[in-house]
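The values are calculated or read from the model by the stated rules, or taken from the named source; none is laboratory data. Bear in mind that the values here come from a model prediction, so they are computed numbers and not experimental data. Glycine gets a Cβ as well: all are built from the backbone with ideal geometry, and neighbour counts include every protein chain shown. Only protein heavy atoms, including side chains, enter the accessible area calculation; ligands, DNA and RNA are left aside. Shrake-Rupley method; radii C 1.70, N 1.55, O 1.52, S 1.80 Å.
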Amino acid sequence: MEKKDTGDNLQGMPTIHEELEVKRCMNRRFVTAPDTGAAWEAFSRNYLDKEENDDVKEPCRETPKSHISAKILWRIVASAAAVIAVLIVFNWNHLGRSDKHLFYEAKDDIAQVTLTDVSGNKTVVDQQKIIMSQQQNQTTVGKSQENASEIYNKILHLVTSHGKTCEITLEDGTTIWLNDESALDFPEHFSPTKREVKVSGEAYFDVAKDAKRPFIVKGEGFETRVLGTQFNIKSRSANTTKTSDPVTEITLVEGSICVTDDKGMEQRLLPGQQYFIKNGQWNRKEVDTYPITQWREGFFYFDQTSLGDILTDVGRWYNINVVLEKPELMDIILHFVAEKSQSIEEVVTSLNMLKVAQITLEDNKIVVRE
């Protein structure tokens, strides 16, 4: 179609660019220009603020990275920091615990020896030696069977705590040495037919000879029967930290002894023999009785003994915690001798002279390091 001349001074046909510009100008006459500031405020109010408050209710939706609010970023950073802090604290505490093991735990008691009668009256014994009054067997003459039974059933309970030993001579002339943290139950008067006591912990017996009345010692899972002899009994349960196994050892020093175990098996021991439990089984072996009985003379005496057993006895005597960094240190076999009358500082110094571990006193506990 041929274009008419309108009288305008046009030179040639308009370009495409010029036509577009004319159209934009015409559109601006009829369309209102958008308020970009108001639009941004509405967007922020309807989207960003709502996302911060209702992020749980609203389903997740993708938003441009440039539009993530500062509050959300802060929440992410804070959460990550909290997780890192928890991991650091956990690892620190875990390493602290794994590096130090409580091997022996002290008890909350008082160093003393007590004697309790049948009525429950407890007496603190000041002297290290107790001598029971010796009575003749005629104590039952003129008394009824019932009254005699009451006399023989009057059981006394002797207990030693940490750092204490006690020597007691019974009415028949038998002398018993009780080591620390041990107990002895015995009648005030023996019957005419037998002499019977019960022991836990460790005790040394020097039994007076009496062919008519055997001397019976009962313990946890065993019973011994003798007429007159000397022997040592060690019957200790595992300590509170369960780092040491229960110990049951009957060692004959002199004379003859018959041991009946918890399975009803009888063993007759000769001097220098020991009947003991290992891994739940009873065994017999030849031993040197000297180191075993030196506690009665006031010594720590260990020969071919593990560091763990040594520190268990030391910890029990001085009632002090034993802490170590490497459990395998407790398996080291040693020969060690010290006097029980020494201070804990002196004993620790002697242990360090063995040069198998670094042993220190820290905050009322023994600490063992490699």
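Every residue, every condition in (1) surrounded by fewer than 19 Cβ atoms within 10 Å (Cβ to Cβ); (2) among the basic types (Lys, Arg); (3) in a strand (DSSP E or B); (4) under 25 Å from the mean Cα position of the chain (by Cα), yes or no:
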| position | (1), (2), (3), (4) |
| --- | --- |
| Arg268 | yes, yes, yes, no |
| Pro271 | yes, no, no, no |
| Tyr275 | no, no, yes, no |
| Lys285 | yes, yes, yes, no |
| Thr293 | yes, no, no, no |
| Gln304 | yes, no, yes, no |
| Asp309 | yes, no, no, yes |
| Val314 | no, no, no, yes |
Criterion violated by Asn232 - all others in (1) touching a residue at least 40 places away in the same chain (Cβ under 8 Å); (2) open to solvent by 20 Å² or more (accessible area, probe 1.4 Å); (3) in a strand (DSSP E or B) satisfied: (2)
Counted residues, segment 350-370 - those being under 24 Å from Thr293 (Cα atoms) and among the β-branched types (Val, Ile, Thr): 0
Strands (runs of 3 or more DSSP E) (entirely within segment 145-223) containing at least 3 residues that are open to solvent by 20 Å² or more (accessible area, probe 1.4 Å) and modelled with pLDDT under 95: none
Segment 106-124: number of residues that are outside any strand (DSSP E or B) and out of contact with any Ser or Thr (no Cβ under 7 Å at 6 or more places or on another chain): 8
Checklist (1) outside any loop (DSSP other than H, G, I, E, B); (2) hydrophobic (A, V, I, L, M, F, W, C); (3) open to solvent by 30 Å² or more (accessible area, probe 1.4 Å) applied to Leu354, failing item: (1)
Identity of the residue in segment 316-349, at pLDDT 95 or above and open to solvent by 70 Å² or more (accessible area, probe 1.4 Å), that ends up nearest to Asp109 (Cα to Cα): Ser341
Pairs with Cβ under 6 Å, 6+ apart, first in segment 185-205 and without any contact (Cβ under 8 Å) to a residue 60 or more places away in the chain and within 17 Å of Leu156 (Cα to Cα), second among the aromatic types (Phe, Trp, Tyr) and open to solvent by less than 30 Å² (accessible area, probe 1.4 Å): Arg195/Phe215; Val197/Phe186
